[in-house]
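Novice: Below is one structure. I have some questions about it.
What follows is calculated from the coordinates using simple rules that are stated; it is not laboratory data. Predicted model only: the values in this text are computed from it and were never measured. All Cβ positions, even for glycine, are placed from backbone atoms using ideal geometry, and neighbour counts span all protein chains on display.
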Amino acid sequence: VDMVENRFSTNLLMSKSFEGANMKSVVLSLFFLSLLVSPAWAGSFSLDFNDYSTQLGFAQKLNTQTYGDTIAKVRYLYNDDSRTNLAGVAVGVIGTPGNVDGLNLGIDVALNGGETEADQEVLALGLGFLAEYAPPALRGFGFDGHLIYSPEIFTFLDSEDYIEWGVGASYQVLPTARVTLAFQNIQIDFKNRNGFDLDETVRFGISFDF
């Protein structure tokens with residue numbers, strides 16, 4: 001009996017280790033998917049941080065059309081408070097509606113995956129919306145906001161609902177560089193726990209265009 005119990009415990013530990021390794025592979029694969037994006041078009045890189053969390057972002061223009069640009073985005077978030085590792089990729093369009101100088105609106109399809117405390121695993125496919133406003137009259141100041149929603153039908157593994165939103169302000173210190181201050185909240189429902197915050201914090205950051 002002891003031998004059976006020991007063998008069962010060993011198999012269980014190996015199974016959990018394998019699942020954890022698989023999820024880490026998913027996180028890394030999502031983040032490094034940016035390497036497949038063609039560098040022929042303009043892009044941007046951002047780094048946001050505070051004492052216990054950091055977020056890296058990369059955006060690449062894929063195509064330019066009359067009414068907007070096709071954009072691919074990738075990001076990686078680590079939050080030590082919630083023990084969260086989260087990576088995401090998104091593809092969508094962004095453009096200026098009408099003749100509103102300095103206003104950009106965007107919509108995209110976003111895939112986020114990772115893990116958080118107590119080995120809860122996240123995989124969520126959702127719809128994202130983005131607004132940016134930085135008119136010349138503000139002399140370098142700008143504001144932005146975003147929203148991503150993944151309903152239960154498009155969430156997998158341990159997750160059931162995923163909603164992310166954020167607002168921020170920035171100032172252009174150089175023609176291709178901005179300093180940023182932003183708040184972001186990511187809330188998710190798990191199968192055994194509702195209303196868990198993967199991320200809820202203010203971060204300072206920098207952003208570069210190239």
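Novice: What is the distance, in nm, between label points placed 7 Å from the Cα along the Cα-to-Cβ direction at Leu181 and at Ile163?
Specialist: Reported label-point gap for Leu181 and Ile163 is 2.7 nm.
Novice: What are the ³J(HN,Hα) couplings of the stretch 194-204, residue after residue, when phi is run through the Karplus curve with 6.51, -1.76, 1.60 and θ = phi - 60°? Round to Hz, x for glycine and proline.
Specialist: Residue by residue, the stretch 194-204 yields 10, x, 8, 8, 5, 7, 7, 6, 9, 10, 8 Hz.
Novice: So for each of 130-136, 153-159 I average, over its residues, the number of other beta carbons within 10 Å; can you give me the resulting order with the highest mean first?
Specialist: Order by mean packing, descending: 153-159, 130-136.
Novice: 7 Å from Cα along Cα→Cβ at both Leu138 and Asn50: what's the point-to-point distance in nm?
Specialist: Modelled inter-label distance: 2.1 nm.
Novice: Round to a whole angstrom and tell me the spacing of the C-alpha centers of the stretch 113-181 and the stretch 86-112.
Specialist: 10 Å
Novice: I've got another one for you. Modelling each spin label as a point 7 Å along the Cα-to-Cβ direction, I'd like the Leu62/Asn194 distance in nm, to one decimal.
Specialist: About 3.7 nm separates the two model spin labels.
Novice: State the extension gain, in nm to one decimal, for the chain segment bounded by Tyr171 and Phe129, taking 0.36 nm per residue of separation less the distance between their alpha-carbons.
Specialist: 12.9 nm
Novice: Over the stretch 66-210, what is the relative contact order in percent, taking alpha-carbon pairs closer than 8 angstrom and at least six residues apart?
Specialist: 15 percent
Novice: Moving on to the next point. Using amide H atoms built in the peptide plane, which far-off residues or other-chain residues are under 5 Å from Ala42 H to H?
Specialist: Lys61
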